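What follows is a set of notes on a single structure, which appears directly below.
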Amino acid sequence: IIFILLGIALFAALCYAFMKGMRGGTDSYAAQQAKLKAQEILNYYNAVDRTINKLRMKGCSESDISFYVAGDTDDYITVNNPASAPPDKSCDVFDTAGGGLPVNIQWSNYQIPLDQIDTASQYHRGKAYYRIDFARIIGVGASDTHPDGYDIMMQLNFVDPKVCDAYNKILGYDIDLTISDSSAPTGDENTDLAGKYTSCYLRHTPSSDYYQIRYVWSPH
């Protein structure tokens with residue numbers, strides 16, 4: 001009986017160690033995948049940055065640069081494709097007549113599942129906002145009264161929290177993701193965000209809180 005009991009105890013200990021190792025391996029894999037995804041986003045932003053500089057060298061002003069993508073919904077067309085953009089698309093980031101940057105990123109890969117997003121906001125999934133707007137980040141970019149005008153910036157909503165955390169860590173930021181921050185200005189509630197041209201943070205809105213990445217290309 002003693003040997004049987006010892007055998008059962010040893011088997012239970014081995015099962016526990018195995019399951020713990022499996023959980024640890026799964027967590028490690030998930031963290032590595034999140035890091036890879038965060039790096040993909042940063043690589044793409046760097047490509048956009050180079051394309052914007054290319055368009056500037058061609059004479060495109062900040063207010064002329066367009067991020068229009070075929071298939072955008074109406075509100076995305078409004079913010080991504082300013083009315084002042086040349087009709088020949090010479091200042092379009094993604095058109096061959098302009099910057100010629102391929103639209104080869106699937107934003108849904110970095111966002112939470114559709115069923116975790118409220119119905120009214122589900123159209124955000126798979127898309128990104130590029131804005132010619134005031135950045136309104138404390139210490140970065142323009143405010144509503146800045147004399148030099150707008151910034152070129154980007155927002156990705158409903159980011160996967162693991163990707164959000166990995167994004168900040170790649171940049172060397174230790175941002176408290178439990179503190180939400182509302183817009184205008186960003187960085188007053190979560191002071192970790194002040195002075196950062198790009199970061200991922202917990203954004204607060206009247207309808208919901210979600211993780212958002214912001215990237216400002218032309219801070220004044």
In this structure, is LEU42 loosely packed, with under 11 Cβ neighbours inside 10 Å, at pLDDT 75 or above and assigned to a helix (DSSP H, G or I)? no
Residue count for the stretch 177-188, restricted to those that are touching a His at 6+ places or on another chain (Cβ under 6 Å) and either part of a strand (DSSP E or B) or buried (at least 21 other Cβ atoms within 10 Å of the Cβ) (or both): 1
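Let's see how each residue does on (1) among the basic types (Lys, Arg); (2) assigned to a helix (DSSP H, G or I):
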site	(1), (2)
LYS169	yes, yes
ILE175	no, no
ASP192	no, yes
LYS196	yes, no
SER199	no, no
Could you grab me the full set of residues in the stretch 63-107 that are touching a Phe, Trp or Tyr at 6+ places or on another chain (Cβ under 8 Å), modelled with pLDDT under 90, open to solvent by less than 20 Å² (accessible area, probe 1.4 Å) and farther than 17 Å from GLY126 by Cβ? ALA85
Under 6 Å between Cβ atoms, which residue pairs at least 6 apart in sequence (or on different chains) link something in the stretch 111-139 that is in contact (Cβ under 8 Å) with a residue 40 or more places away in the chain and aromatic (Phe, Trp, Tyr) with a partner that is open to solvent by less than 20 Å² (accessible area, probe 1.4 Å) and outside any loop (DSSP other than H, G, I, E, B)? TYR129/GLN155; TYR130/ASN80; TYR130/MET154
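The values are calculated or read from the model by the stated rules, or taken from the named source; none is laboratory data. Note that the coordinates shown come from a computational prediction; the quantities given were computed from them, not determined experimentally. Heads up, the Cβs are rebuilt from the backbone with ideal geometry, glycines too, and the neighbour counts pull from every protein chain shown. Ligands, DNA and RNA are excluded from the accessible area calculation, which covers all protein heavy atoms including side chains. Shrake-Rupley method; radii C 1.70, N 1.55, O 1.52, S 1.80 Å.
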